[in-house]
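Student: Have a look at this one before I ask anything.
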Amino acid sequence: MNFSEVLKQSNQLCRVSPDGKYLATCVQYRLVVRDVNTLQILHLYTCLDQIVHMEWSSDSLFVLCAMYKRGLVQVWSLEQPDWYCKIDEGSIGLVSSRWSPDGRHILNTTEFHLRVTVWSLCTKAVSYIKYPKACQKGIDFSRDGCYMALAERRDCKDYVSMFVCDDWHLLRHFETETQDLAGVEWSPNGCVLAVWDSCLEYKVLLYSLDGRLLSTFSAYEWSLGIKSLAWSPSSQFLAIGSYDEKVRILNHITWKKVTEFDHPATINNTKAVIYKEVERRPVVGSADLSIQQHITMGSTLFNTQSKYEICPLPVQVPVVKPDLDRANPKVGVSSMAFSSDNRYLATKNDNMACVVWVWDMQRLGLLAVLEQTSAVRCFQWDPRRPRLALCTGNAKLYLWSPAGCVSVQVPAEGGFQVQSLNWHCSGDSLILLGKEQLCLCYMETEEEEDNDK
(Lines give C-alpha, C1' and ligand atoms only; values in the text may rest on other atoms or scores of the structure.)
Protein backbone atom coordinates (compact mmCIF):
# COMPACT_ATOMS: atom_id res chain seq x y z
CA MET A 1 0.00 0.00 0.00
CA ASN A 2 1.41 3.38 -1.04
CA PHE A 3 0.25 6.95 -0.45
CA SER A 4 0.52 10.04 -2.64
CA GLU A 5 1.53 13.51 -1.56
CA VAL A 6 -1.17 15.67 0.03
CA LEU A 7 -3.16 17.92 -2.35
CA LYS A 8 -5.51 20.83 -1.67
CA GLN A 9 -9.31 20.67 -1.99
CA SER A 10 -12.37 22.62 -0.77
CA ASN A 11 -15.82 21.46 0.42
CA GLN A 12 -14.85 17.77 -0.05
CA LEU A 13 -15.18 18.35 -3.82
CA CYS A 14 -13.05 15.64 -5.38
CA ARG A 15 -14.33 13.25 -8.05
CA VAL A 16 -12.76 10.60 -10.28
CA SER A 17 -14.07 10.65 -13.86
CA PRO A 18 -16.41 7.75 -14.81
CA ASP A 19 -13.74 6.33 -17.16
CA GLY A 20 -11.25 6.33 -14.26
CA LYS A 21 -8.61 8.43 -16.07
CA TYR A 22 -8.95 11.84 -14.42
CA LEU A 23 -9.20 13.34 -10.94
CA ALA A 24 -11.10 16.64 -10.61
CA THR A 25 -10.72 18.72 -7.46
CA CYS A 26 -12.06 22.13 -6.48
CA VAL A 27 -9.97 24.68 -4.59
CA GLN A 28 -12.19 27.70 -3.78
CA TYR A 29 -13.17 29.01 -7.24
CA ARG A 30 -10.69 26.90 -9.25
CA LEU A 31 -11.29 23.54 -10.88
CA VAL A 32 -8.16 21.39 -11.22
CA VAL A 33 -8.15 18.30 -13.47
CA ARG A 34 -5.29 15.84 -12.98
CA ASP A 35 -4.14 12.57 -14.49
CA VAL A 36 -5.26 10.03 -11.89
CA ASN A 37 -2.06 7.95 -12.19
CA THR A 38 0.65 10.66 -12.20
CA LEU A 39 -1.39 13.43 -10.46
CA GLN A 40 0.02 15.83 -13.06
CA ILE A 41 -2.21 18.87 -13.70
CA LEU A 42 -3.81 18.62 -17.15
CA HIS A 43 -6.32 21.49 -17.00
CA LEU A 44 -6.94 24.46 -14.71
CA TYR A 45 -10.25 26.33 -14.95
CA THR A 46 -11.36 29.47 -13.10
CA CYS A 47 -15.01 29.90 -12.09
CA LEU A 48 -16.85 33.13 -11.26
CA ASP A 49 -17.30 32.27 -7.56
CA GLN A 50 -16.55 29.59 -4.99
CA ILE A 51 -17.67 26.16 -6.23
CA VAL A 52 -20.15 24.35 -3.97
CA HIS A 53 -21.01 21.38 -6.24
CA MET A 54 -19.02 19.60 -8.94
CA GLU A 55 -19.93 16.62 -11.15
CA TRP A 56 -18.52 14.75 -14.16
CA SER A 57 -20.62 14.01 -17.24
CA SER A 58 -21.18 10.29 -17.89
CA ASP A 59 -18.69 10.23 -20.81
CA SER A 60 -15.95 12.05 -18.81
CA LEU A 61 -15.77 14.89 -21.40
CA PHE A 62 -17.38 17.69 -19.35
CA VAL A 63 -17.31 18.93 -15.75
CA LEU A 64 -20.20 20.83 -14.16
CA CYS A 65 -19.47 23.42 -11.44
CA ALA A 66 -22.37 24.98 -9.53
CA MET A 67 -22.40 28.18 -7.47
CA TYR A 68 -25.79 28.09 -5.77
CA LYS A 69 -25.70 31.50 -4.06
CA ARG A 70 -25.09 33.19 -7.39
CA GLY A 71 -27.61 30.98 -9.23
CA LEU A 72 -24.83 30.02 -11.65
CA VAL A 73 -23.65 26.84 -13.34
CA GLN A 74 -20.47 26.67 -15.43
CA VAL A 75 -19.57 23.70 -17.64
CA TRP A 76 -16.01 23.01 -18.83
CA SER A 77 -14.81 20.79 -21.65
CA LEU A 78 -11.74 18.54 -21.47
CA GLU A 79 -11.49 18.18 -25.26
CA GLN A 80 -11.78 21.93 -25.92
CA PRO A 81 -10.36 23.78 -22.89
CA ASP A 82 -11.26 27.20 -24.36
CA TRP A 83 -14.96 26.27 -24.63
CA TYR A 84 -17.28 26.75 -21.70
CA CYS A 85 -20.98 27.08 -20.97
CA LYS A 86 -22.56 29.42 -18.42
CA ILE A 87 -26.13 28.94 -17.16
CA ASP A 88 -27.61 31.78 -15.09
CA GLU A 89 -30.91 31.02 -13.37
CA GLY A 90 -31.22 34.68 -12.32
CA SER A 91 -33.58 35.82 -9.58
CA ILE A 92 -35.45 32.49 -9.39
CA GLY A 93 -32.36 31.04 -7.68
CA LEU A 94 -30.74 27.61 -7.64
CA VAL A 95 -30.61 24.88 -4.99
CA SER A 96 -29.48 21.83 -6.99
CA SER A 97 -27.76 21.04 -10.29
CA ARG A 98 -26.95 17.69 -11.88
CA TRP A 99 -26.21 15.95 -15.19
CA SER A 100 -28.68 13.81 -17.06
CA PRO A 101 -27.36 10.31 -17.91
CA ASP A 102 -26.52 11.28 -21.52
CA GLY A 103 -24.06 13.96 -20.36
CA ARG A 104 -25.61 16.56 -22.68
CA HIS A 105 -28.42 17.93 -20.50
CA ILE A 106 -28.30 19.70 -17.14
CA LEU A 107 -31.16 19.64 -14.62
CA ASN A 108 -31.38 22.68 -12.35
CA THR A 109 -33.80 22.82 -9.43
CA THR A 110 -34.80 26.40 -8.58
CA GLU A 111 -35.20 27.91 -5.14
CA PHE A 112 -38.30 26.80 -3.17
CA HIS A 113 -38.51 23.86 -5.64
CA LEU A 114 -40.73 25.87 -7.99
CA ARG A 115 -39.54 23.93 -11.04
CA VAL A 116 -36.80 21.81 -12.61
CA THR A 117 -35.18 23.39 -15.68
CA VAL A 118 -33.67 21.03 -18.27
CA TRP A 119 -30.94 22.73 -20.34
CA SER A 120 -29.56 21.14 -23.51
CA LEU A 121 -25.85 21.71 -24.27
CA CYS A 122 -26.34 20.63 -27.90
CA THR A 123 -29.39 22.63 -29.02
CA LYS A 124 -29.56 25.23 -26.20
CA ALA A 125 -33.22 24.22 -25.81
CA VAL A 126 -34.86 24.68 -22.40
CA SER A 127 -37.64 22.54 -20.89
CA TYR A 128 -39.47 23.07 -17.60
CA ILE A 129 -40.89 20.48 -15.21
CA LYS A 130 -43.30 21.85 -12.59
CA TYR A 131 -44.04 20.86 -8.99
CA PRO A 132 -40.82 19.01 -7.99
CA LYS A 133 -41.02 17.97 -4.36
CA ALA A 134 -38.44 19.11 -1.80
CA CYS A 135 -37.55 15.81 -0.14
CA GLN A 136 -34.70 13.44 0.76
CA LYS A 137 -34.33 12.01 -2.77
CA GLY A 138 -36.76 13.61 -5.22
CA ILE A 139 -35.07 12.65 -8.52
CA ASP A 140 -33.56 9.34 -9.60
CA PHE A 141 -32.40 7.97 -12.96
CA SER A 142 -32.55 4.32 -13.95
CA ARG A 143 -29.14 2.64 -14.18
CA ASP A 144 -29.34 2.37 -17.99
CA GLY A 145 -30.04 6.12 -18.24
CA CYS A 146 -33.35 5.62 -20.09
CA TYR A 147 -35.82 6.85 -17.47
CA MET A 148 -36.11 9.53 -14.80
CA ALA A 149 -38.46 9.32 -11.81
CA LEU A 150 -39.48 12.63 -10.23
CA ALA A 151 -41.36 13.09 -6.94
CA GLU A 152 -44.01 15.82 -7.16
CA ARG A 153 -46.28 17.63 -4.72
CA ARG A 154 -49.45 19.34 -5.95
CA ASP A 155 -52.83 20.00 -4.31
CA CYS A 156 -51.46 18.59 -1.04
CA LYS A 157 -50.93 15.16 -2.63
CA ASP A 158 -47.82 13.20 -3.67
CA TYR A 159 -47.26 12.08 -7.25
CA VAL A 160 -44.50 10.42 -9.27
CA SER A 161 -43.78 11.30 -12.89
CA MET A 162 -41.66 9.02 -15.09
CA PHE A 163 -39.90 10.69 -18.03
CA VAL A 164 -38.05 9.23 -21.02
CA CYS A 165 -34.59 10.85 -20.97
CA ASP A 166 -34.15 10.88 -24.77
CA ASP A 167 -36.66 13.66 -25.40
CA TRP A 168 -38.05 14.30 -21.87
CA HIS A 169 -41.60 13.26 -22.75
CA LEU A 170 -43.85 12.08 -19.91
CA LEU A 171 -44.20 8.29 -19.80
CA ARG A 172 -46.31 7.81 -16.67
CA HIS A 173 -47.85 10.07 -14.02
CA PHE A 174 -49.55 8.61 -10.94
CA GLU A 175 -50.56 9.47 -7.39
CA THR A 176 -48.72 7.60 -4.62
CA GLU A 177 -50.31 6.27 -1.43
CA THR A 178 -48.01 8.32 0.81
CA GLN A 179 -48.67 10.93 3.47
CA ASP A 180 -45.39 12.76 2.84
CA LEU A 181 -43.21 11.11 0.19
CA ALA A 182 -39.52 11.14 1.22
CA GLY A 183 -37.72 9.54 -1.73
CA VAL A 184 -37.69 7.50 -4.93
CA GLU A 185 -35.06 4.99 -6.07
CA TRP A 186 -34.87 2.66 -9.08
CA SER A 187 -33.74 -0.93 -8.68
CA PRO A 188 -30.36 -1.49 -10.43
CA ASN A 189 -32.08 -3.49 -13.23
CA GLY A 190 -34.50 -0.59 -13.83
CA CYS A 191 -37.64 -2.74 -13.48
CA VAL A 192 -38.96 -1.50 -10.12
CA LEU A 193 -39.22 1.93 -8.50
CA ALA A 194 -39.15 2.06 -4.68
CA VAL A 195 -41.05 4.97 -3.11
CA TRP A 196 -40.95 5.54 0.63
CA ASP A 197 -42.79 7.75 3.10
CA SER A 198 -41.36 10.18 5.65
CA CYS A 199 -40.11 8.91 9.00
CA LEU A 200 -43.55 9.60 10.54
CA GLU A 201 -45.11 6.68 8.69
CA TYR A 202 -43.43 3.33 7.91
CA LYS A 203 -44.36 2.63 4.29
CA VAL A 204 -42.49 1.42 1.18
CA LEU A 205 -44.33 1.25 -2.15
CA LEU A 206 -42.98 -0.68 -5.14
CA TYR A 207 -44.07 0.34 -8.64
CA SER A 208 -43.47 -1.21 -12.05
CA LEU A 209 -42.27 0.79 -15.06
CA ASP A 210 -45.85 1.24 -16.26
CA GLY A 211 -46.94 2.73 -12.93
CA ARG A 212 -48.64 -0.34 -11.44
CA LEU A 213 -48.38 -0.77 -7.67
CA LEU A 214 -46.64 -4.14 -7.22
CA SER A 215 -46.53 -4.24 -3.44
CA THR A 216 -46.70 -2.23 -0.22
CA PHE A 217 -44.62 -2.97 2.87
CA SER A 218 -45.15 -1.59 6.38
CA ALA A 219 -43.41 -3.12 9.39
CA TYR A 220 -45.21 -1.19 12.17
CA GLU A 221 -47.32 1.88 12.95
CA TRP A 222 -47.37 4.85 15.37
CA SER A 223 -43.60 5.14 15.70
CA LEU A 224 -40.70 6.66 13.74
CA GLY A 225 -40.29 4.59 10.58
CA ILE A 226 -37.81 4.42 7.68
CA LYS A 227 -34.36 6.02 7.95
CA SER A 228 -32.50 4.50 4.97
CA LEU A 229 -33.01 2.22 1.98
CA ALA A 230 -30.61 0.27 -0.26
CA TRP A 231 -30.97 -2.08 -3.24
CA SER A 232 -28.58 -5.00 -3.70
CA PRO A 233 -26.62 -4.75 -7.01
CA SER A 234 -28.52 -7.77 -8.42
CA SER A 235 -31.92 -6.17 -7.51
CA GLN A 236 -32.81 -9.36 -5.59
CA PHE A 237 -32.90 -7.69 -2.17
CA LEU A 238 -34.22 -4.40 -0.85
CA ALA A 239 -32.81 -3.45 2.57
CA ILE A 240 -34.82 -1.04 4.72
CA GLY A 241 -33.14 0.58 7.74
CA SER A 242 -35.47 1.82 10.47
CA TYR A 243 -35.56 3.93 13.61
CA ASP A 244 -36.25 0.76 15.63
CA GLU A 245 -32.57 -0.22 15.06
CA LYS A 246 -33.42 -3.04 12.63
CA VAL A 247 -32.80 -3.78 8.95
CA ARG A 248 -35.56 -5.61 7.11
CA ILE A 249 -34.72 -7.49 3.90
CA LEU A 250 -37.41 -7.86 1.20
CA ASN A 251 -37.09 -10.36 -1.67
CA HIS A 252 -37.77 -9.41 -5.31
CA ILE A 253 -40.25 -12.21 -6.09
CA THR A 254 -43.00 -11.74 -3.49
CA TRP A 255 -41.74 -8.45 -1.93
CA LYS A 256 -42.23 -10.06 1.47
CA LYS A 257 -39.77 -9.86 4.35
CA VAL A 258 -37.09 -12.56 4.15
CA THR A 259 -35.40 -11.71 7.44
CA GLU A 260 -34.57 -8.85 9.75
CA PHE A 261 -31.21 -7.92 11.26
CA ASP A 262 -31.07 -6.65 14.85
CA HIS A 263 -28.30 -4.46 16.28
CA PRO A 264 -28.21 -5.65 19.91
CA ALA A 265 -26.15 -3.98 22.65
CA THR A 266 -24.88 -7.41 23.72
CA ILE A 267 -23.56 -9.75 21.00
CA ASN A 268 -23.75 -13.51 21.68
CA ASN A 269 -23.67 -14.73 18.07
CA THR A 270 -21.08 -17.53 17.86
CA LYS A 271 -20.90 -17.28 14.04
CA ALA A 272 -19.77 -13.64 14.14
CA VAL A 273 -16.22 -12.34 14.62
CA ILE A 274 -15.98 -9.20 16.78
CA TYR A 275 -13.01 -6.96 15.93
CA LYS A 276 -12.16 -4.25 18.44
CA GLU A 277 -9.73 -1.43 17.67
CA VAL A 278 -7.11 -1.10 20.39
CA GLU A 279 -4.86 1.95 20.58
CA ARG A 280 -1.37 2.34 21.95
CA ARG A 281 0.70 5.50 22.02
CA PRO A 282 4.37 5.29 20.94
CA VAL A 283 6.78 5.82 23.83
CA VAL A 284 9.33 8.54 23.03
CA GLY A 285 11.87 9.51 25.65
CA SER A 286 11.80 13.28 26.08
CA ALA A 287 15.43 13.29 27.21
CA ASP A 288 16.52 11.98 23.83
CA LEU A 289 14.90 14.78 21.84
CA SER A 290 16.43 18.21 21.45
CA ILE A 291 14.25 21.27 20.75
CA GLN A 292 15.35 21.23 17.11
CA GLN A 293 14.29 17.62 16.73
CA HIS A 294 10.92 18.46 18.26
CA ILE A 295 10.36 21.07 15.55
CA THR A 296 11.70 19.17 12.54
CA MET A 297 10.41 15.67 13.23
CA GLY A 298 7.17 14.75 11.43
CA SER A 299 3.97 14.66 13.42
CA THR A 300 3.36 11.06 12.29
CA LEU A 301 5.93 9.88 14.85
CA PHE A 302 3.62 10.88 17.69
CA ASN A 303 0.40 9.52 16.16
CA THR A 304 -1.43 6.87 18.13
CA GLN A 305 -0.89 3.39 16.70
CA SER A 306 -3.81 0.98 16.57
CA LYS A 307 -4.62 -2.61 15.73
CA TYR A 308 -7.63 -4.93 15.85
CA GLU A 309 -8.13 -7.60 18.48
CA ILE A 310 -10.72 -10.39 18.30
CA CYS A 311 -12.98 -10.25 21.35
CA PRO A 312 -14.36 -13.31 23.16
CA LEU A 313 -18.15 -13.52 23.50
CA PRO A 314 -20.34 -12.05 24.85
CA VAL A 315 -19.38 -8.52 23.77
CA GLN A 316 -21.00 -5.36 25.08
CA VAL A 317 -21.25 -2.70 22.34
CA PRO A 318 -20.99 0.98 23.42
CA VAL A 319 -24.45 2.60 23.14
CA VAL A 320 -25.27 6.32 23.33
CA LYS A 321 -28.75 7.08 24.63
CA PRO A 322 -30.42 9.47 22.14
CA ASP A 323 -32.39 12.57 23.10
CA LEU A 324 -35.83 11.58 21.81
CA ASP A 325 -37.28 15.06 22.52
CA ARG A 326 -35.13 16.58 19.76
CA ALA A 327 -35.71 16.37 16.00
CA ASN A 328 -33.77 13.69 14.06
CA PRO A 329 -32.64 11.68 17.11
CA LYS A 330 -29.35 9.79 16.80
CA VAL A 331 -30.97 6.38 16.71
CA GLY A 332 -31.70 3.85 13.99
CA VAL A 333 -29.96 2.50 10.89
CA SER A 334 -28.86 5.48 8.76
CA SER A 335 -26.18 3.88 6.55
CA MET A 336 -26.28 0.65 4.55
CA ALA A 337 -24.24 -0.64 1.61
CA PHE A 338 -24.12 -3.93 -0.31
CA SER A 339 -20.83 -5.32 -1.60
CA SER A 340 -20.48 -5.45 -5.40
CA ASP A 341 -20.85 -9.26 -5.44
CA ASN A 342 -24.13 -9.08 -3.42
CA ARG A 343 -22.56 -11.31 -0.75
CA TYR A 344 -22.30 -8.82 2.13
CA LEU A 345 -24.25 -5.94 3.65
CA ALA A 346 -22.60 -3.31 5.88
CA THR A 347 -24.76 -1.27 8.28
CA LYS A 348 -24.40 1.44 10.90
CA ASN A 349 -26.83 2.09 13.76
CA ASP A 350 -26.65 5.74 14.84
CA ASN A 351 -26.79 5.19 18.61
CA MET A 352 -23.85 2.78 18.22
CA ALA A 353 -21.80 5.30 16.23
CA CYS A 354 -18.45 3.53 16.69
CA VAL A 355 -19.63 0.20 15.26
CA VAL A 356 -19.99 -1.19 11.73
CA TRP A 357 -21.92 -4.45 11.26
CA VAL A 358 -21.22 -6.81 8.34
CA TRP A 359 -23.93 -9.33 7.40
CA ASP A 360 -23.60 -12.44 5.22
CA MET A 361 -26.43 -12.36 2.63
CA GLN A 362 -26.04 -16.06 1.74
CA ARG A 363 -26.79 -17.40 5.19
CA LEU A 364 -28.65 -14.20 6.23
CA GLY A 365 -26.75 -13.76 9.47
CA LEU A 366 -24.16 -11.60 11.24
CA LEU A 367 -20.62 -12.22 10.00
CA ALA A 368 -18.44 -9.51 11.59
CA VAL A 369 -18.61 -6.48 13.87
CA LEU A 370 -15.99 -3.71 13.79
CA GLU A 371 -15.84 -1.65 16.98
CA GLN A 372 -13.79 1.53 16.51
CA THR A 373 -12.42 3.91 19.15
CA SER A 374 -14.15 6.89 17.45
CA ALA A 375 -17.44 7.40 15.62
CA VAL A 376 -17.45 6.03 12.05
CA ARG A 377 -17.71 8.90 9.54
CA CYS A 378 -17.93 6.95 6.30
CA PHE A 379 -17.70 3.42 4.87
CA GLN A 380 -17.65 2.19 1.27
CA TRP A 381 -17.21 -1.13 -0.53
CA ASP A 382 -14.49 -1.77 -3.10
CA PRO A 383 -16.36 -1.74 -6.47
CA ARG A 384 -14.55 -4.91 -7.64
CA ARG A 385 -13.84 -7.02 -4.53
CA PRO A 386 -15.54 -7.83 -1.22
CA ARG A 387 -13.44 -5.30 0.71
CA LEU A 388 -14.82 -2.55 2.97
CA ALA A 389 -12.98 0.72 3.70
CA LEU A 390 -13.94 3.01 6.55
CA CYS A 391 -12.70 6.13 8.35
CA THR A 392 -13.35 7.76 11.73
CA GLY A 393 -11.96 11.29 11.38
CA ASN A 394 -8.40 10.40 12.47
CA ALA A 395 -5.17 9.75 10.55
CA LYS A 396 -6.01 6.11 9.82
CA LEU A 397 -7.66 4.03 7.12
CA TYR A 398 -9.45 0.83 8.13
CA LEU A 399 -10.09 -2.14 5.83
CA TRP A 400 -12.21 -5.27 6.32
CA SER A 401 -12.38 -8.33 4.08
CA PRO A 402 -13.50 -11.92 4.79
CA ALA A 403 -9.82 -12.63 5.57
CA GLY A 404 -9.70 -10.12 8.44
CA CYS A 405 -9.24 -6.49 9.49
CA VAL A 406 -6.38 -4.03 9.25
CA SER A 407 -5.70 -0.51 10.52
CA VAL A 408 -3.33 1.59 8.37
CA GLN A 409 -1.64 4.83 9.40
CA VAL A 410 -1.83 7.53 6.70
CA PRO A 411 1.77 8.84 6.53
CA ALA A 412 0.84 12.42 5.55
CA GLU A 413 2.43 15.27 7.48
CA GLY A 414 0.59 18.03 9.30
CA GLY A 415 -2.11 15.99 11.02
CA PHE A 416 -4.10 14.81 7.98
CA GLN A 417 -7.42 13.45 9.26
CA VAL A 418 -9.60 11.29 7.03
CA GLN A 419 -13.16 12.70 7.03
CA SER A 420 -14.50 10.68 4.08
CA LEU A 421 -13.26 8.36 1.32
CA ASN A 422 -14.08 7.17 -2.21
CA TRP A 423 -12.88 4.14 -4.16
CA HIS A 424 -11.51 4.46 -7.68
CA CYS A 425 -13.75 2.51 -10.10
CA SER A 426 -10.95 -0.08 -10.60
CA GLY A 427 -10.75 -0.79 -6.86
CA ASP A 428 -6.96 -0.32 -7.05
CA SER A 429 -6.88 3.00 -5.18
CA LEU A 430 -8.77 5.09 -2.64
CA ILE A 431 -9.23 8.86 -2.38
CA LEU A 432 -8.95 9.98 1.24
CA LEU A 433 -10.47 13.38 1.99
CA GLY A 434 -9.52 15.60 4.91
CA LYS A 435 -11.05 18.99 5.77
CA GLU A 436 -9.03 20.93 3.19
CA GLN A 437 -6.70 18.27 1.77
CA LEU A 438 -6.79 14.96 -0.04
CA CYS A 439 -4.47 12.02 -0.43
CA LEU A 440 -4.53 8.95 -2.70
CA CYS A 441 -3.96 5.48 -1.30
CA TYR A 442 -2.73 2.93 -3.87
CA MET A 443 -3.62 -0.67 -3.05
CA GLU A 444 -1.26 -3.48 -4.01
CA THR A 445 -2.90 -5.39 -6.88
CA GLU A 446 -2.90 -9.19 -7.22
CA GLU A 447 -0.33 -8.95 -10.06
CA GLU A 448 2.08 -6.99 -7.84
CA GLU A 449 1.58 -9.50 -5.02
CA ASP A 450 2.44 -12.38 -7.44
CA ASN A 451 5.57 -10.50 -8.61
CA ASP A 452 6.68 -10.00 -4.99
CA LYS A 453 6.42 -13.75 -4.44
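The values are calculated or read from the model by the stated rules, or taken from the named source; none is laboratory data. Since this is a predicted model, take the numbers as computed values, not measurements. Positions of Cβ are generated from backbone atoms using ideal geometry, with glycine treated the same way; all protein chains shown enter the neighbour counts. SASA here: full protein model, heavy atoms, side chains in, ligands and nucleic acids out. Shrake-Rupley method; radii C 1.70, N 1.55, O 1.52, S 1.80 Å.
Student: Determine whether Thr270 is in a strand (DSSP E or B) and polar (S, T, N, Q).
Tutor: So Thr270 does not fit the description; no.
Student: Quick one: is Gln236 open to solvent by 50 Å² or more (accessible area, probe 1.4 Å), of a type outside the set (Ser, Thr, Tyr), within 23 Å of the chain's Cα centre (by Cα) and modelled with pLDDT of 95 or more? Outline the logic, then answer.
Tutor: Working: open to solvent by 50 Å² or more (accessible area, probe 1.4 Å): yes; of a type outside the set (Ser, Thr, Tyr): yes; within 23 Å of the chain's Cα centre (by Cα): yes; modelled with pLDDT of 95 or more: yes.
Yes, satisfied.
Student: So, one more: Among the residues of the range 131-167, write down those that are outside any loop (DSSP other than H, G, I, E, B) and modelled with pLDDT under 95.
Tutor: If we filter the range 131-167 for residues that are outside any loop (DSSP other than H, G, I, E, B), which is where we start, we get 132, 137, 139-141, 147-154, 157-164.
Within the range 131-167, just Arg154 meets the criteria.
Student: Considering Lys321, Lys307, Lys330, which residue is open to solvent by 20 Å² or more (accessible area, probe 1.4 Å), touching a residue at least 12 places away in the same chain (Cβ under 8 Å) and assigned to a strand (DSSP E or B)?
Tutor: Lys307
Student: Would you call Leu289 open to solvent by 50 Å² or more (accessible area, probe 1.4 Å), over 20 Å from the mean Cα position of the chain (by Cα), among the hydrophobic types (A, V, I, L, M, F, W, C) and at pLDDT below 95?
Tutor: Considered against the rule, which asks whether it is open to solvent by 50 Å² or more (accessible area, probe 1.4 Å), over 20 Å from the mean Cα position of the chain (by Cα), among the hydrophobic types (A, V, I, L, M, F, W, C) and at pLDDT below 95, Leu289 comes out as no.
Student: Follow-up question, since we're still on this one. Among the residues of the range 88-110, what is the count of those that are open to solvent by 60 Å² or more (accessible area, probe 1.4 Å) and modelled with pLDDT under 95?
Tutor: Qualifying residue count for the region: 1.
Student: Can you pull out the strands (runs of 3 or more DSSP E) entirely within the range 43-116 that have at least 3 residues that are without any contact (Cβ under 8 Å) to a residue 40 or more places away in the chain and over 17 Å from Ala24 (Cβ atoms)?
Tutor: Values: elements: 53-56, 62-67, 72-77, 84-88, 96-99, 105-109.
Per the criteria, 84-88, 105-109.
Student: While we're on this one: Looking at the structure I just gave you, is Lys86 of a type in the set (Lys, Arg) and over 30 Å from Val164 (Cα atoms)? Step through it out loud before you land on a result.
Tutor: Numbers: of a type in the set (Lys, Arg): yes; over 30 Å from Val164 (Cα atoms): no.
Taking the combined requirement at face value, the residue does not satisfy it.
Student: Also, quick follow-up: Just checking, does the range 206-221 include any residue being of a type in the set (D, E, K, R), open to solvent by 60 Å² or more (accessible area, probe 1.4 Å) and touching a strand residue (DSSP E or B) at 6+ places or on another chain (Cβ under 8 Å)?
Tutor: So far as the range 206-221 goes, yes, one or more of its residues are of a type in the set (D, E, K, R), open to solvent by 60 Å² or more (accessible area, probe 1.4 Å) and touching a strand residue (DSSP E or B) at 6+ places or on another chain (Cβ under 8 Å).
Rundown of residues vs (1) open to solvent by 10 Å² or more (accessible area, probe 1.4 Å); (2) not β-branched (Val, Ile, Thr), yes/no style:
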| site | (1), (2) |
| --- | --- |
| Thr46 | yes, no |
| His53 | yes, yes |
| Gln74 | no, yes |
| Lys86 | yes, yes |
| Arg115 | yes, yes |
| Thr123 | yes, no |
